[in-house]
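**Q** Just passing along the structure, written as structure tokens.
The values are calculated or read from the model by the stated rules, or taken from the named source; none is laboratory data. As the structure is a prediction and not an experimental result, all values here were calculated from the model. Quick reminder, even Gly has a Cβ in these numbers, built from the backbone with ideal geometry, and neighbours come from all protein chains shown.
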């Protein structure tokens, strides 16, 4: 390992090969504050340096773990003490905007928020948005096919990627950064790397699709008294707003009440005893569209789809409403030790799934707490489960089975937007057939026959 580290230092510079305490002072991830255990963290600054690092590690038979912003939920970028962490944190250049074509070329280490702000400065909009926008990177979002708050209108990360540059396990560089929406010229190879969690190649640059910048947002927090009305309200707003509904974030009462609690952090815009809450947002491209939003809510109230509503009348009030939905820290601290889940299933199956799961968990742990929220418009639920002050490996496995196994019969997925990583791979069978998994393995063998890139993730 010493010889390898010396060679890597020559390739990327002494300040960009971190070892010892410089590694240990970094947390494993945003959700796991234990110190990193990697033999070293290497920080290349160009695609050429990424290529050289990959080739050098291959010559020494050492595995590389690609790292973005480390905001993932599934242990997808965890380097062991005989592995090298390949951090793309220096690849932060936003290379070029094409305003007429509404596209941009960026390096993989660009933080999401930096891209969003740069796009807005050009009168454009990058539509994928996450609570971790200040930390997550475009490369990491590509590796996990990230979703977030605006999937309902614009789709996952996959839908935003026009082109890609990726370094393969053998050091070859596969480059196609054409800014084209239509390009039916054989196999669309970039799709293989989106959601592959860095196991097939290391994405270094991307050409992304941008959208026109909206004039404003209309935002409201509404309450309903049944889940059926939550689903009906979604259909009503999609029709009434003419495709401008950009967020439909549902919070079960247990989530909303837990976040509000004693109102020390968040003031309650609505009482905390309604069964369901929905954070609704629409993109406005004309001043009159804000009136249409208001009319749509009034019609929903008249149709008894709503029982209460708080409509934001300023940017500050919009931010306050979103702060309630995005306060993940309140959950991670207040429910510790907890197990977090990111699943998807058909909307019509959600309420029964949550009800049955709650009963199953409480039958074994009477004092357990579960909070539920998610991007209901695209079928995604997040669950945070606390079963007590102690969480053994055996108990965690039992809860995992309770959460994941029912999804198979419901045509659901064990991972909606965070990927599989190491954490979920034993449950992949509930979402993928044996044949699908076998072909995934064949792809891995084809692109990385020596199993050097993020070994052990997915399967």
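**Q** In the stretch 57-72, which residues are in contact with a helix residue (DSSP H, G or I) (Cβ under 9 Å, 6 or more places away or on another chain) and either in a strand (DSSP E or B) or surrounded by fewer than 24 Cβ atoms within 10 Å (Cβ to Cβ) (or both)?
**A** 57, 59, 60, 62, 63, 64, 66, 67
**Q** Is it true that some residue in the stretch 383-394 is part of a loop (DSSP other than H, G, I, E, B), in contact with a helix residue (DSSP H, G or I) (Cβ under 7 Å, 6 or more places away or on another chain) and at pLDDT 95 or above?
**A** Yes, the conditions are met somewhere in the stretch 383-394.
**Q** Looking at the stretch 299-313, is at least one residue touching a residue at least 60 places away in the same chain (Cβ under 8 Å), under 29 Å from the mean Cα position of the chain (by Cα) and not assigned by TED's automatic domain parsing to the domain that holds residue 242?
**A** No, there is no match, as no residue in the stretch 299-313 is touching a residue at least 60 places away in the same chain (Cβ under 8 Å), under 29 Å from the mean Cα position of the chain (by Cα) and not assigned by TED's automatic domain parsing to the domain that holds residue 242.
**Q** What residue, among those in the stretch 83-96 that are free of Cβ contacts under 8 Å to residues at least 40 places away in the same chain and not in a loop (DSSP other than H, G, I, E, B), is farthest from residue 383 (Cα to Cα)?
**A** Within the stretch 83-96, the match that is farthest from residue 383 (Cα to Cα) is 96.
**Q** Now for a separate question. In this structure, does residue 359 turn out to be in a helix (DSSP H, G or I) and exposed (fewer than 12 other Cβ atoms within 10 Å of the Cβ)?
**A** Taking the combined requirement at face value, the residue satisfies it.
**Q** Checking the structure you have, find out if any residue of the stretch 210-229 is under 30 Å from residue 75 (Cβ atoms) and within 24 Å of the chain's Cα centre (by Cα).
**A** For the stretch 210-229, residues under 30 Å from residue 75 (Cβ atoms) and within 24 Å of the chain's Cα centre (by Cα): absent.
**Q** Restricting attention to the stretch 116-136, which residues are assigned to a loop (DSSP other than H, G, I, E, B), touching a residue at least 40 places away in the same chain (Cβ under 8 Å) and either assigned by TED's automatic domain parsing to the domain that holds residue 68 or crowded, with 18+ Cβ neighbours inside 10 Å (or both)?
**A** 126, 127, 130, 132, 136
**Q** Can you confirm whether residue 76 is assigned to a loop (DSSP other than H, G, I, E, B) and more than 30 Å from residue 340 (Cα to Cα)?
**A** So residue 76 does not fit the description; no.
**Q** A further question follows. Looking for whichever is within 30 Å of residue 376 (Cα to Cα) and either crowded, with 21+ Cβ neighbours inside 10 Å or not assigned by TED's automatic domain parsing to the domain that holds residue 425 (or both) here; the options are 80, 139. Which one fits?
**A** Result: 139 is the single residue among 80, 139 that is within 30 Å of residue 376 (Cα to Cα) and either crowded, with 21+ Cβ neighbours inside 10 Å or not assigned by TED's automatic domain parsing to the domain that holds residue 425 (or both).
**Q** How about the stretch 274-286: which of its residues are assigned to a loop (DSSP other than H, G, I, E, B) and either in contact with a helix residue (DSSP H, G or I) (Cβ under 7 Å, 6 or more places away or on another chain) or crowded, with 17+ Cβ neighbours inside 10 Å (or both)?
**A** Within the stretch 274-286, 274, 275 qualify.
**Q** Here's a follow-up. Take the stretch 237-258 and flag every residue that is surrounded by fewer than 19 Cβ atoms within 10 Å (Cβ to Cβ) and either within 17 Å of residue 301 (Cα to Cα) or over 25 Å from the mean Cα position of the chain (by Cα) (or both).
**A** 238, 239, 240, 242
**Q** Further question: May I ask you to list the residues in the stretch 316-352 that are surrounded by fewer than 19 Cβ atoms within 10 Å (Cβ to Cβ) and in a strand (DSSP E or B)?
**A** 339, 340 - these are the residues of the stretch 316-352 that are surrounded by fewer than 19 Cβ atoms within 10 Å (Cβ to Cβ) and in a strand (DSSP E or B).
**Q** Can I ask one more? Name the single residue, out of those in the stretch 259-285 being over 27 Å from the mean Cα position of the chain (by Cα) and under 12 Å from residue 330 (Cβ atoms), that is modelled with the highest pLDDT.
**A** Result: 264.
**Q** I've got another one for you. So which of 54, 41 is buried (at least 18 other Cβ atoms within 10 Å of the Cβ) and either out of contact with any helix residue (DSSP H, G or I) (no Cβ under 9 Å at 6 or more places or on another chain) or assigned to a helix (DSSP H, G or I) (or both)?
**A** 54
**Q** Go through the stretch 10-27 and give me each residue that's in contact with a helix residue (DSSP H, G or I) (Cβ under 7 Å, 6 or more places away or on another chain) and either modelled with pLDDT under 95 or not in a strand (DSSP E or B) (or both).
**A** 11, 12, 19
**Q** Checking the conditions here, which among 171, 201 is crowded, with 24+ Cβ neighbours inside 10 Å and closer than 25 Å to residue 455 by Cβ?
**A** Criteria check complete, one pass: 201.
**Q** Residues of the stretch 413-429 being touching a helix residue (DSSP H, G or I) at 6+ places or on another chain (Cβ under 7 Å) and at pLDDT 95 or above, which ones?
**A** Those that are touching a helix residue (DSSP H, G or I) at 6+ places or on another chain (Cβ under 7 Å) and at pLDDT 95 or above: 413, 414, 420, 427, 428.
**Q** Filter the stretch 137-152 down to residues that are at pLDDT 95 or above and either over 13 Å from the mean Cα position of the chain (by Cα) or assigned to a loop (DSSP other than H, G, I, E, B) (or both), then give me how many there are.
**A** 1
**Q** Take the conditions surrounded by fewer than 22 Cβ atoms within 10 Å (Cβ to Cβ), without any contact (Cβ under 8 Å) to a residue 12 or more places away in the chain and touching a strand residue (DSSP E or B) at 6+ places or on another chain (Cβ under 8 Å) and apply them to residue 34. Does it pass?
**A** Yes.
**Q** Within the stretch 251-262, does at least one residue satisfy the condition of being part of a loop (DSSP other than H, G, I, E, B) and in contact with a strand residue (DSSP E or B) (Cβ under 6 Å, 6 or more places away or on another chain)?
**A** no
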